[in-house]
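Working notes, structure below.
The values are calculated or read from the model by the stated rules, or taken from the named source; none is laboratory data. Quantities reported herein were computed from a predicted structural model and do not represent experimental measurements. Cβ placement follows ideal geometry from the backbone for every residue including glycine, while neighbour counts extend to all protein chains displayed. Surface accessibility is based on the protein's heavy atoms, side chains included, excluding ligands, DNA and RNA. Shrake-Rupley method; radii C 1.70, N 1.55, O 1.52, S 1.80 Å.
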Amino acid sequence: MPQHVQGVIAPGKNEPVRVETIVIPDPGPGEAVVKIQACGVCHTDLHYKQGAINDEFPFLLGHEAAGIVESVGEGVTDVTPGDFVILNWRAVCGTCRACERGRPWYCFATHNAKQKMTLLDGTELSPALGIGAFAEKTLVAAGQCTKVDPAVAPEVAGLLGCGVMAGIGAAINTGNVGRGDTVAVIGCGGVGDAAVVGSRLAGAAKIIAVDIDDRKLAKAKEMGATHTVNSRTADAVEAIRELTGGFGADVVIEAVGRPETYEQAFYARDLAGTVVLVGVPSPEMRLDLPLLDVFGRGGALKSSWYGDCLPSRDFPMLIDLHQQGRIDLAAFVTETIGLGDVEKAFARMHEGDVLRSVVVL
(Lines give C-alpha, C1' and ligand atoms only; values in the text may rest on other atoms or scores of the structure.)
Protein backbone atom coordinates (compact mmCIF):
# COMPACT_ATOMS: atom_id res chain seq x y z
CA MET A 1 0.00 0.00 0.00
CA PRO A 2 1.47 3.42 -0.97
CA GLN A 3 2.77 5.53 1.92
CA HIS A 4 2.54 9.27 2.53
CA VAL A 5 5.71 10.91 3.88
CA GLN A 6 7.17 14.39 4.15
CA GLY A 7 9.86 15.44 1.69
CA VAL A 8 11.61 18.53 0.28
CA ILE A 9 10.88 19.48 -3.32
CA ALA A 10 12.24 22.11 -5.69
CA PRO A 11 9.05 23.23 -7.49
CA GLY A 12 10.67 25.35 -10.20
CA LYS A 13 13.90 27.01 -11.30
CA ASN A 14 15.39 29.06 -8.44
CA GLU A 15 12.15 28.88 -6.48
CA PRO A 16 12.46 28.31 -2.71
CA VAL A 17 12.28 24.65 -1.75
CA ARG A 18 9.36 23.50 0.36
CA VAL A 19 8.24 20.51 2.38
CA GLU A 20 5.41 18.58 0.73
CA THR A 21 3.60 15.27 1.22
CA ILE A 22 5.19 12.63 -1.02
CA VAL A 23 3.52 9.39 -2.13
CA ILE A 24 5.89 6.41 -1.96
CA PRO A 25 4.70 3.32 -3.88
CA ASP A 26 5.34 -0.21 -2.68
CA PRO A 27 8.64 -1.51 -4.08
CA GLY A 28 8.36 -3.33 -7.38
CA PRO A 29 10.78 -5.92 -8.79
CA GLY A 30 14.37 -4.89 -8.07
CA GLU A 31 13.32 -1.95 -5.87
CA ALA A 32 13.54 -1.04 -2.19
CA VAL A 33 11.91 1.45 0.14
CA VAL A 34 14.41 2.98 2.55
CA LYS A 35 13.60 4.86 5.75
CA ILE A 36 16.00 7.80 5.63
CA GLN A 37 17.90 8.62 8.82
CA ALA A 38 20.27 11.31 7.52
CA CYS A 39 21.02 13.11 4.25
CA GLY A 40 23.76 15.64 3.52
CA VAL A 41 23.03 18.92 1.72
CA CYS A 42 25.22 18.75 -1.38
CA HIS A 43 26.03 21.35 -4.04
CA THR A 44 24.42 19.06 -6.59
CA ASP A 45 21.06 19.54 -4.87
CA LEU A 46 21.53 23.30 -5.27
CA HIS A 47 22.36 22.76 -8.95
CA TYR A 48 19.06 20.89 -9.35
CA LYS A 49 17.18 23.75 -7.70
CA GLN A 50 18.87 26.24 -10.02
CA GLY A 51 17.97 24.22 -13.11
CA ALA A 52 21.64 23.59 -13.88
CA ILE A 53 21.19 19.81 -14.22
CA ASN A 54 17.98 19.67 -16.28
CA ASP A 55 14.50 21.19 -16.24
CA GLU A 56 12.52 18.14 -15.12
CA PHE A 57 10.82 19.96 -12.22
CA PRO A 58 9.57 19.34 -9.62
CA PHE A 59 12.58 17.61 -8.07
CA LEU A 60 12.59 15.58 -4.89
CA LEU A 61 15.94 16.73 -3.57
CA GLY A 62 18.59 14.92 -1.51
CA HIS A 63 20.89 12.05 -2.43
CA GLU A 64 23.79 11.83 0.09
CA ALA A 65 21.99 9.55 2.50
CA ALA A 66 21.92 6.60 4.88
CA GLY A 67 18.99 4.72 6.37
CA ILE A 68 17.25 1.43 7.03
CA VAL A 69 15.77 -0.80 4.34
CA GLU A 70 12.06 -1.04 5.13
CA SER A 71 10.83 -3.29 2.33
CA VAL A 72 12.08 -4.84 -0.91
CA GLY A 73 10.45 -5.96 -4.12
CA GLU A 74 10.51 -9.21 -6.00
CA GLY A 75 13.92 -10.62 -6.86
CA VAL A 76 15.92 -8.52 -4.38
CA THR A 77 18.48 -10.62 -2.52
CA ASP A 78 21.45 -8.35 -1.78
CA VAL A 79 19.63 -6.39 0.95
CA THR A 80 16.80 -7.29 3.30
CA PRO A 81 14.47 -5.29 5.55
CA GLY A 82 16.35 -4.02 8.59
CA ASP A 83 19.70 -3.58 6.82
CA PHE A 84 21.53 -0.30 7.45
CA VAL A 85 22.58 1.07 4.06
CA ILE A 86 24.26 3.98 2.35
CA LEU A 87 22.49 5.05 -0.83
CA ASN A 88 24.54 5.42 -4.00
CA TRP A 89 23.56 7.03 -7.29
CA ARG A 90 25.39 4.60 -9.58
CA ALA A 91 23.75 1.19 -9.21
CA VAL A 92 26.01 -1.14 -11.17
CA CYS A 93 24.22 -3.24 -13.81
CA GLY A 94 26.78 -6.06 -14.04
CA THR A 95 26.16 -6.71 -17.73
CA CYS A 96 27.23 -3.65 -19.75
CA ARG A 97 30.52 -3.55 -21.67
CA ALA A 98 32.34 -1.81 -18.78
CA CYS A 99 31.11 -4.34 -16.21
CA GLU A 100 31.94 -7.29 -18.45
CA ARG A 101 35.49 -5.93 -18.87
CA GLY A 102 35.94 -5.89 -15.10
CA ARG A 103 35.53 -2.13 -14.73
CA PRO A 104 32.18 -1.85 -12.93
CA TRP A 105 33.04 1.60 -11.52
CA TYR A 106 32.58 2.85 -15.10
CA CYS A 107 29.22 1.08 -15.50
CA PHE A 108 27.46 2.58 -18.53
CA ALA A 109 23.99 1.31 -17.64
CA THR A 110 23.46 2.33 -14.02
CA HIS A 111 19.80 2.26 -13.05
CA ASN A 112 17.19 3.73 -10.74
CA ALA A 113 13.77 2.70 -9.49
CA LYS A 114 11.31 2.27 -12.36
CA GLN A 115 8.27 3.53 -10.46
CA LYS A 116 7.74 7.21 -9.81
CA MET A 117 7.21 8.94 -6.49
CA THR A 118 4.53 11.64 -6.73
CA LEU A 119 2.82 14.52 -4.98
CA LEU A 120 -0.68 13.95 -3.61
CA ASP A 121 -2.21 15.28 -6.85
CA GLY A 122 -0.32 12.69 -8.90
CA THR A 123 2.43 15.03 -10.15
CA GLU A 124 5.47 12.86 -10.85
CA LEU A 125 8.69 13.83 -9.08
CA SER A 126 12.22 13.65 -10.43
CA PRO A 127 14.40 12.33 -7.60
CA ALA A 128 17.82 14.01 -7.39
CA LEU A 129 20.41 11.61 -8.84
CA GLY A 130 17.73 8.94 -8.83
CA ILE A 131 17.47 8.98 -5.03
CA GLY A 132 15.40 11.83 -3.55
CA ALA A 133 16.41 11.48 0.09
CA PHE A 134 15.31 14.76 1.68
CA ALA A 135 12.33 12.69 2.73
CA GLU A 136 11.27 10.43 5.54
CA LYS A 137 11.34 7.51 3.09
CA THR A 138 12.33 7.06 -0.53
CA LEU A 139 12.06 4.47 -3.31
CA VAL A 140 15.27 3.39 -5.02
CA ALA A 141 16.66 0.53 -7.08
CA ALA A 142 17.91 -2.10 -4.66
CA GLY A 143 21.36 -1.83 -6.29
CA GLN A 144 21.53 1.71 -4.95
CA CYS A 145 21.66 0.31 -1.39
CA THR A 146 25.06 -0.62 0.02
CA LYS A 147 25.01 -2.44 3.34
CA VAL A 148 27.50 -1.19 5.97
CA ASP A 149 28.14 -1.57 9.70
CA PRO A 150 25.12 -0.15 11.59
CA ALA A 151 27.35 0.99 14.45
CA VAL A 152 28.28 4.12 12.46
CA ALA A 153 26.17 7.26 12.94
CA PRO A 154 23.86 7.80 9.92
CA GLU A 155 24.88 11.46 9.57
CA VAL A 156 28.46 10.29 9.12
CA ALA A 157 27.82 7.24 6.94
CA GLY A 158 25.57 9.10 4.51
CA LEU A 159 28.36 11.44 3.45
CA LEU A 160 29.99 8.57 1.58
CA GLY A 161 26.94 8.57 -0.68
CA CYS A 162 28.33 11.50 -2.66
CA GLY A 163 30.78 14.27 -1.72
CA VAL A 164 33.21 12.51 0.59
CA MET A 165 33.41 9.45 -1.65
CA ALA A 166 33.88 11.66 -4.71
CA GLY A 167 36.84 13.45 -3.14
CA ILE A 168 38.55 10.45 -1.58
CA GLY A 169 38.01 8.46 -4.76
CA ALA A 170 39.38 11.26 -6.93
CA ALA A 171 42.67 10.95 -5.05
CA ILE A 172 42.90 7.20 -4.53
CA ASN A 173 41.00 5.69 -7.46
CA THR A 174 41.25 8.24 -10.27
CA GLY A 175 44.46 10.07 -9.40
CA ASN A 176 46.27 6.96 -8.15
CA VAL A 177 48.05 9.07 -5.54
CA GLY A 178 50.92 7.06 -4.11
CA ARG A 179 53.44 7.18 -1.30
CA GLY A 180 55.72 10.19 -1.54
CA ASP A 181 53.67 11.99 -4.20
CA THR A 182 53.03 15.71 -4.22
CA VAL A 183 49.37 16.64 -4.57
CA ALA A 184 47.58 19.95 -5.06
CA VAL A 185 43.84 20.26 -4.42
CA ILE A 186 42.12 23.28 -5.95
CA GLY A 187 38.85 24.08 -4.20
CA CYS A 188 38.47 23.19 -0.53
CA GLY A 189 34.78 22.55 -0.02
CA GLY A 190 33.53 19.15 1.05
CA VAL A 191 34.82 17.32 -2.04
CA GLY A 192 38.17 19.08 -2.01
CA ASP A 193 38.74 18.40 1.67
CA ALA A 194 37.84 14.77 1.04
CA ALA A 195 40.51 14.72 -1.68
CA VAL A 196 42.96 16.02 0.93
CA VAL A 197 41.94 13.19 3.24
CA GLY A 198 42.29 10.64 0.44
CA SER A 199 45.73 11.95 -0.50
CA ARG A 200 46.90 11.72 3.10
CA LEU A 201 45.49 8.22 3.36
CA ALA A 202 47.40 7.22 0.22
CA GLY A 203 50.70 8.45 1.69
CA ALA A 204 51.26 11.71 -0.19
CA ALA A 205 54.32 13.55 1.09
CA LYS A 206 53.06 17.03 0.34
CA ILE A 207 49.42 18.13 0.01
CA ILE A 208 48.83 21.71 -1.14
CA ALA A 209 45.33 23.11 -0.57
CA VAL A 210 44.25 26.01 -2.80
CA ASP A 211 41.20 28.21 -2.26
CA ILE A 212 40.15 31.87 -2.11
CA ASP A 213 38.71 31.56 1.42
CA ASP A 214 41.05 31.45 4.40
CA ARG A 215 38.39 29.70 6.47
CA LYS A 216 38.33 26.83 4.00
CA LEU A 217 42.10 26.70 3.88
CA ALA A 218 42.24 26.43 7.66
CA LYS A 219 39.82 23.51 7.54
CA ALA A 220 41.87 21.84 4.80
CA LYS A 221 44.91 22.12 7.06
CA GLU A 222 42.97 20.36 9.81
CA MET A 223 42.09 17.61 7.33
CA GLY A 224 45.72 16.96 6.46
CA ALA A 225 46.96 19.60 4.01
CA THR A 226 50.65 20.35 4.55
CA HIS A 227 50.56 23.72 2.79
CA THR A 228 47.89 26.24 1.80
CA VAL A 229 47.63 28.83 -0.95
CA ASN A 230 45.08 31.63 -1.08
CA SER A 231 44.68 32.09 -4.84
CA ARG A 232 42.94 35.42 -4.35
CA THR A 233 46.23 36.93 -3.18
CA ALA A 234 48.79 34.63 -4.85
CA ASP A 235 49.24 33.04 -8.26
CA ALA A 236 48.18 29.45 -7.64
CA VAL A 237 50.33 27.93 -10.38
CA GLU A 238 53.48 29.74 -9.30
CA ALA A 239 52.84 28.97 -5.63
CA ILE A 240 52.39 25.25 -6.33
CA ARG A 241 55.54 25.17 -8.45
CA GLU A 242 57.49 26.97 -5.74
CA LEU A 243 56.35 24.41 -3.18
CA THR A 244 57.36 21.51 -5.43
CA GLY A 245 60.91 22.48 -6.32
CA GLY A 246 59.81 24.38 -9.42
CA PHE A 247 58.30 21.31 -11.07
CA GLY A 248 54.61 21.22 -10.21
CA ALA A 249 52.60 18.58 -8.39
CA ASP A 250 52.45 14.92 -9.37
CA VAL A 251 48.66 15.01 -9.10
CA VAL A 252 46.41 18.09 -9.20
CA ILE A 253 42.77 17.58 -8.21
CA GLU A 254 40.37 20.24 -9.47
CA ALA A 255 37.34 20.27 -7.16
CA VAL A 256 35.68 23.47 -8.40
CA GLY A 257 34.53 22.67 -11.93
CA ARG A 258 35.39 25.94 -13.67
CA PRO A 259 37.55 26.60 -16.77
CA GLU A 260 39.78 29.05 -14.87
CA THR A 261 40.62 26.60 -12.09
CA TYR A 262 41.01 23.71 -14.54
CA GLU A 263 43.61 25.76 -16.44
CA GLN A 264 45.41 26.37 -13.14
CA ALA A 265 45.39 22.63 -12.49
CA PHE A 266 46.70 21.90 -15.98
CA TYR A 267 49.72 24.19 -15.61
CA ALA A 268 50.34 23.42 -11.93
CA ARG A 269 51.13 19.74 -12.56
CA ASP A 270 54.57 18.35 -13.20
CA LEU A 271 55.52 17.07 -16.64
CA ALA A 272 53.80 13.70 -17.11
CA GLY A 273 51.66 14.53 -14.07
CA THR A 274 47.95 13.92 -13.70
CA VAL A 275 45.00 16.33 -13.58
CA VAL A 276 41.80 15.00 -12.05
CA LEU A 277 38.56 16.92 -12.64
CA VAL A 278 36.05 16.08 -9.92
CA GLY A 279 34.35 19.49 -9.70
CA VAL A 280 31.13 19.53 -11.75
CA PRO A 281 30.98 22.14 -14.53
CA SER A 282 27.74 23.68 -15.81
CA PRO A 283 26.65 22.97 -19.42
CA GLU A 284 27.69 26.32 -20.91
CA MET A 285 31.33 26.16 -19.76
CA ARG A 286 34.08 25.77 -22.36
CA LEU A 287 37.83 25.17 -22.10
CA ASP A 288 40.50 26.68 -24.35
CA LEU A 289 44.00 25.17 -24.07
CA PRO A 290 46.84 25.17 -26.63
CA LEU A 291 46.85 21.67 -28.09
CA LEU A 292 50.64 21.77 -28.22
CA ASP A 293 50.70 22.19 -24.43
CA VAL A 294 48.37 19.22 -24.01
CA PHE A 295 50.78 17.17 -26.12
CA GLY A 296 54.01 18.62 -24.79
CA ARG A 297 53.26 18.31 -21.09
CA GLY A 298 52.33 14.64 -21.37
CA GLY A 299 50.69 12.85 -18.49
CA ALA A 300 46.99 12.31 -18.03
CA LEU A 301 43.86 14.46 -17.95
CA LYS A 302 41.14 12.52 -16.15
CA SER A 303 37.55 13.04 -15.11
CA SER A 304 36.45 11.39 -11.89
CA TRP A 305 32.93 9.95 -11.95
CA TYR A 306 31.81 9.62 -8.33
CA GLY A 307 35.45 9.12 -7.37
CA ASP A 308 35.48 6.12 -9.75
CA CYS A 309 34.13 4.22 -6.78
CA LEU A 310 32.58 0.79 -6.55
CA PRO A 311 30.15 1.24 -3.64
CA SER A 312 30.14 -2.43 -2.65
CA ARG A 313 33.92 -2.29 -2.30
CA ASP A 314 34.62 1.26 -1.17
CA PHE A 315 31.81 2.15 1.25
CA PRO A 316 32.47 -0.69 3.74
CA MET A 317 36.23 -0.12 3.46
CA LEU A 318 35.95 3.59 4.30
CA ILE A 319 33.54 2.89 7.15
CA ASP A 320 36.12 0.45 8.54
CA LEU A 321 38.86 3.08 8.27
CA HIS A 322 36.63 5.56 10.08
CA GLN A 323 36.00 3.08 12.88
CA GLN A 324 39.73 2.44 13.16
CA GLY A 325 40.35 6.18 13.58
CA ARG A 326 42.34 6.42 10.36
CA ILE A 327 39.91 8.89 8.77
CA ASP A 328 37.52 11.20 10.60
CA LEU A 329 34.30 11.33 8.61
CA ALA A 330 32.56 13.20 11.42
CA ALA A 331 34.86 16.17 10.76
CA PHE A 332 32.88 16.89 7.59
CA VAL A 333 29.62 17.49 9.49
CA THR A 334 29.28 21.18 10.34
CA GLU A 335 25.67 21.08 11.54
CA THR A 336 22.61 18.86 11.71
CA ILE A 337 19.26 20.29 10.63
CA GLY A 338 15.63 19.32 9.95
CA LEU A 339 13.73 18.99 6.67
CA GLY A 340 12.40 22.53 7.03
CA ASP A 341 15.90 24.01 7.17
CA VAL A 342 17.16 22.99 3.72
CA GLU A 343 16.63 26.42 2.13
CA LYS A 344 18.68 28.03 4.92
CA ALA A 345 21.35 25.37 4.43
CA PHE A 346 21.62 26.32 0.76
CA ALA A 347 22.19 29.94 1.79
CA ARG A 348 24.89 28.93 4.26
CA MET A 349 26.51 26.78 1.59
CA HIS A 350 26.55 29.73 -0.81
CA GLU A 351 28.23 31.89 1.83
CA GLY A 352 30.88 29.23 2.48
CA ASP A 353 29.86 28.90 6.12
CA VAL A 354 29.60 25.10 6.20
CA LEU A 355 31.45 22.02 5.06
CA ARG A 356 28.29 19.93 5.28
CA SER A 357 24.84 20.53 6.67
CA VAL A 358 23.14 17.19 7.30
CA VAL A 359 19.40 16.66 7.52
CA VAL A 360 18.62 14.25 10.36
CA LEU A 361 15.23 12.56 10.48
Quiz prompt | About the Cα centre, charge dipole magnitude for segment 204-271 (Lys/Arg +1, Asp/Glu -1 at Cβ), debye | solution = 220 debye
Quiz item: Can you tell which of 100, 343, 31 shows the greatest fluctuation in a Gaussian network model of the chain with Cα springs below 10 Å?
Solution: 100
Quiz item: Whole-Å semi-axes of segment 154-265's equivalent ellipsoid, largest first, each the root of 5 times a Cα gyration tensor eigenvalue?
Solution: 21, 15, 12
Quiz item: In cubic angstrom, how much convex hull volume per residue do the alpha carbon atoms of segment 1-130 span?
Solution: 118 Å³
Quiz prompt | Helix 259-268 vs. the chain, principal-axis angle (Cα, 0 to 90°, nearest 10) | solution = 50 degrees
Exercise. Under 1.5 on a/c is rounded, so check that first for segment 275-361, then, if it is not, pick prolate when a/b is larger than b/c and oblate when it is not; a ≥ b ≥ c are the square roots of the alpha carbon gyration tensor eigenvalues.
Key: oblate
Quiz prompt | Rounded tilt (10° steps) of 214-223 against the dominant C-alpha axis of the chain | solution = 80 degrees
Practice problem: Using DSSP, restrict attention to beta bridges with both residues in the chain and report what percent are antiparallel, rounded to the nearest 5. | Solution: 55 percent
Exercise. Quick one: check the C-alpha center-to-center distance for segment 65-115 versus segment 286-361, whole angstrom.
Key: 21 Å
Quiz item: By the scheme Lys and Arg +1, Asp and Glu -1, what is the net charge of all other residues having a beta-carbon under 10 Å from that of residue 185?
Solution: -3
Exercise. Using only the C-alpha atoms of segment 55-134, find the volume of their convex hull and express it per residue in Å³.
Key: 125 Å³
Quiz item: Taking only the alpha carbons of segment 5-57, what extent do you get along each of the three principal axes, in Å, biggest first?
Solution: 33, 21, 20
Exercise. Take segment 208-361, compute every pairwise Cα distance, and split them into 5 Å bins from 0; I just need the percent in each bin.
Key: 2, 8, 13, 16, 19, 18, 13, 7, 3, 1, 0
Practice problem: Quick one: plug the Kirkwood hydrodynamic radius of segment 316-361 (C-alpha pairs) into Stokes-Einstein at 25 °C, 0.890 mPa s, and report D in µm²/s. | Solution: 208 µm²/s
Exercise. Determine the share of the chain's accessible area contributed by carbon and sulfur atoms, expressed in whole percent, with a 1.4 angstrom probe.
Key: 51 percent
Self-check item: Cβ-derived FRET efficiency at R0 22 Å, residue 95 paired with residue 287, nearest 0.05
Solution: 0.05
Quiz item: In whole percent, what relative contact order does the chain give with Cα contacts below 8 Å and a gap of six or more residues?
Solution: 17 percent
Practice problem: Alpha carbons only, please: Rg and Dmax for the chain, in angstrom. | Solution: 20.1, 65
Quiz item: Can you give the alpha-carbon Rg of segment 99-215 over 2.2 N^0.38 Å, where N counts its residues?
Solution: 1.34
Practice problem: Over segment 1-149, give the accessible area per residue in Å² for a 1.4 Å probe, as an integer. | Solution: 42 Å²
Quiz item: Which entries in the list 49/137; 206/302; 35/216 go over 28 Å, if you measure between the two C-alpha atoms of each?
Solution: 35/216
Self-check item: Lys, Arg +1 and Asp, Glu -1 on Cβ, resulting dipole of segment 290-359 about Cα centre, debye, nearest 20
Solution: 240 debye
Exercise. Compare 349, 317 by solvent-accessible area with a 1.4 Å probe and give them largest first, with all protein chains kept in place.
Key: 317, 349
